[in-house]
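Scroll down for the structure; my scribbles are underneath it.
The values are calculated or read from the model by the stated rules, or taken from the named source; none is laboratory data. Treat the numbers as computed from the prediction; the structure is a model and nothing was measured. We place every Cβ from the backbone using ideal geometry, glycine too, and count neighbours over all the protein chains shown. Heavy atoms of the whole protein, side chains included, go into the accessibility calculation; ligands, DNA and RNA do not. Shrake-Rupley method; radii C 1.70, N 1.55, O 1.52, S 1.80 Å.
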Amino acid sequence: MKSCFRLITGLLVFISLSANAETSLYEITKGDQKIYLGGTIHVLRNSDYPLPPEFEQAYENAKILVLETDMKKASSPEFGQQMAQAFMYSDGKNLSQDLQPKLWKELQSFADERQFPLGQMSMFKAMFVSLSLSIAEMQRQGFGVGQGVDAYFYQKAIVSGKAVQELETTGEVLTHLTMLADVDANLIIKATLRDLHKMDGMLEKSVGYWRAGELEKLDKEMAADMRKETPEIYQQLLVARNQAWLPKIEQMFTTPEVELVLVGSLHLSSKDGLLAQLKKRGYNIKSYQITE
């Protein structure tokens with residue numbers, strides 16, 4: 001299983017949709033109506049800029065920017081407190097009691113190496129600790145949560161006054177996450193430690209796959225193991241949210257404005273992804289092409 005954070009921030013079997021893509025951005029049409037649908041990476045380094053020019057042009061051509069959720073609310077202290085509360089043990093237990101002794105020692109060793117405050121964090125369930133460890137490791141390697149594609153275009157829209165909409169509320173995001181609070185802690189922490197040790201190479205490759213539009217490779221790198229080992233996480237964080245978003249995306253084809261919809265790249269990939277689901281519904285999909 002790849003770390004939960006890569007799905008939360010949170011990372012294709014339909015080769016015809018992606019093999020020739022220049023980047024992870026698509027033009028979706030039905031009749032005379034169209035939207036732009038782009039896959040994003042939620043964490044980037046300063047050196048990963050500038051972004052592919054296709055994204056910049058699509059942003060300029062669109063009247064409305066549509067993101068997964070309200071980024072201002074999602075980054076607020078209030079949302080952070082709600083999330084922490086949702087994942088906090090309430091029965092006097094702590095994480096060490098949910099883990100096998102050997103695995104707890106491995107987690108302690110890694111936390112000591114990274115100066116991660118595991119003593120304070122052990123009051124939280126495995127999913128929250130996995131998220132916190134992953135964020136800390138990404139930041140250590142120069143990746144910033146506030147530096148991703150979504151955040152970049154959100155800030156650009158705020159400055160320019162472009163309309164911004166969301167596919168789901170922060171409350172709905174929290175509901176999806178907290179439904180996973182009681183997934184087997186041993187499975188989550190074991191997988192997280194394994195992934196943290198190889199995160200440097202994984203992040204580098206993932207950014208490259210995203211930039212080149214190689215969604216099949218990105219899917220294999222970040223989602224294939226999760227589909228197999230923890231299908232409940234895959235189902236809740238990707239499939240269920242995709243199904244909830246589809247009617248909202250289809251509604252965009254009834255308005256005169258052109259929307260640029262940006263979601264995590266794993267929401268586009270595989271048979272469960274938005275590209276495949278829109279194709280099933282009769283929409284035409286092609287890679288976005290730069291126009292003069």
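Averaged per residue, what accessible surface does the chain expose to a 1.4 Å probe, in Å²? It would help to have the intermediate numbers written out before the result.
On the way: 13170 Å² over 292 residues.
Averaged over the residues of the chain, the accessible area is 45 Å².
Suppose each label sits 7 Å from its Cα in the direction of the beta carbon; what would the Tyr49-Val258 distance come out to in nanometres?
In this crude label model, Tyr49 to Val258 measures out at 2.5 nm.
Mind checking the dipole of region 24-149: about its Cα centre, +1 per Lys or Arg Cβ, -1 per Asp or Glu Cβ, Debye to the nearest 20?
Details: 12 positive and 15 negative charges, 61 e Å.
Dipole of region 24-149, to the nearest 20 debye: 300 debye.
How big is the dipole moment of region 161-292 about its Cα centre under a simple scheme where the beta carbon of each Lys and Arg is +1, that of each Asp and Glu is -1, and everything else is neutral? Debye, nearest 20, please.
On the way: 17 positive and 20 negative charges, 79 e Å.
Using Cβ point charges on Lys, Arg, Asp and Glu, region 161-292 gives about 380 debye.
Over 24 Å between Cα atoms, which of Lys220/Lys280; Lys190/Lys220; Lys105/Lys217; Lys125/Lys190; Lys105/Lys198; Lys248/Lys280 qualify?
Result: Lys105/Lys217 exceed 24 Å.
Could you tell me the calculated FRET efficiency between Lys286 and Lys63, based on Cβ-Cβ distance and R0 = 30 angstrom, to the nearest 0.05? All intermediate terms of the calculation are to be shown ahead of the outcome.
Details: r = 20 Å, r/R0 = 0.68.
It comes to 0.90.
Heavy atoms only, probe 1.4 Å: what % of the accessible area of region 173-292 goes to carbon and sulfur, would you let me know? Show your work: numbers first, answer last.
Details: 2690 of 5180 Å².
Carbon with sulfur: 52 percent of the solvent-accessible area.
Mind checking which aspartates and glutamates have their Cα closer than 12 Å to the Cα of Lys30? Skip sequence neighbours fewer than 8 apart in that chain.
Glu250
Local charge sum around Ser90 (other residues, Cβ-Cβ under 15 Å, Lys/Arg +1, Asp/Glu -1)?
Numbers: positive: Lys93, Lys125; negative: Asp91, Asp98, Asp182.
Around Ser90, the surrounding residues sum to -1.
Figure the gain on full extension for Gln115 and Met88 (residue separation times 0.36 nm, minus the Cα-Cα span) and round it to one decimal in nm.
Details: separation 27, 0.36 × 27 = 9.72 nm, distance 2.14 nm.
Net length gain for the segment: 7.6 nm.
What length, rounded to one decimal in nm, is gained on full extension from Lys279 through to Glu229, with 0.36 nm per residue of separation minus their alpha-carbon distance? Provide the component values of the computation, followed by the final result.
Numbers: separation 50, 0.36 × 50 = 18.00 nm, distance 2.77 nm.
Residue separation times 0.36 nm, minus the Cα-Cα distance, leaves 15.2 nm.
Toward the positive end of the charge dipole of the chain, about the Cα centre and with charges on Cβ (Lys, Arg +1; Asp, Glu -1), which of Ile35, Ser47, Leu266 goes farthest?
Farthest along the dipole direction, towards plus: Leu266.
Mind checking the full-extension length gain between Gln97 and His197? Use 0.36 nm per residue of separation minus the Cα-Cα distance, one decimal, nm. Don't jump to the answer; show the numbers that get you there.
Values: separation 100, 0.36 × 100 = 36.00 nm, distance 2.39 nm.
Full extension from Gln97 to His197 adds 33.6 nm.
So, with a 1.4 angstrom probe, what is the percent of accessible area on region 43-122 that is carbon and sulfur? Each step should come with its number before you reach the end.
Details: 2170 of 4580 Å².
On region 43-122, the fraction of accessible area on carbon and sulfur atoms equals 47 percent.
Report the charge-dipole magnitude of the chain in Debye, nearest 20, computed about the Cα centre from +1 at each Lys and Arg Cβ and -1 at each Asp and Glu Cβ.
Working: 32 positive and 37 negative charges, 74 e Å.
Roughly 360 debye, rounded to the nearest 20.
Between Lys73 and Gln33, how many nm apart are label points set 7 Å from Cα along the C-beta direction?
In this crude label model, Lys73 to Gln33 measures out at 2.5 nm.
So what are the ³J(HN,Hα) numbers for region 280-288, from phi and the Karplus equation (6.51, -1.76, 1.60; θ = phi - 60°), rounded to whole Hz, Gly and Pro as x?
Going residue by residue, I get 4, 8, x, 7, 8, 10, 9, 5, 5 Hz, with x marking Gly and Pro.
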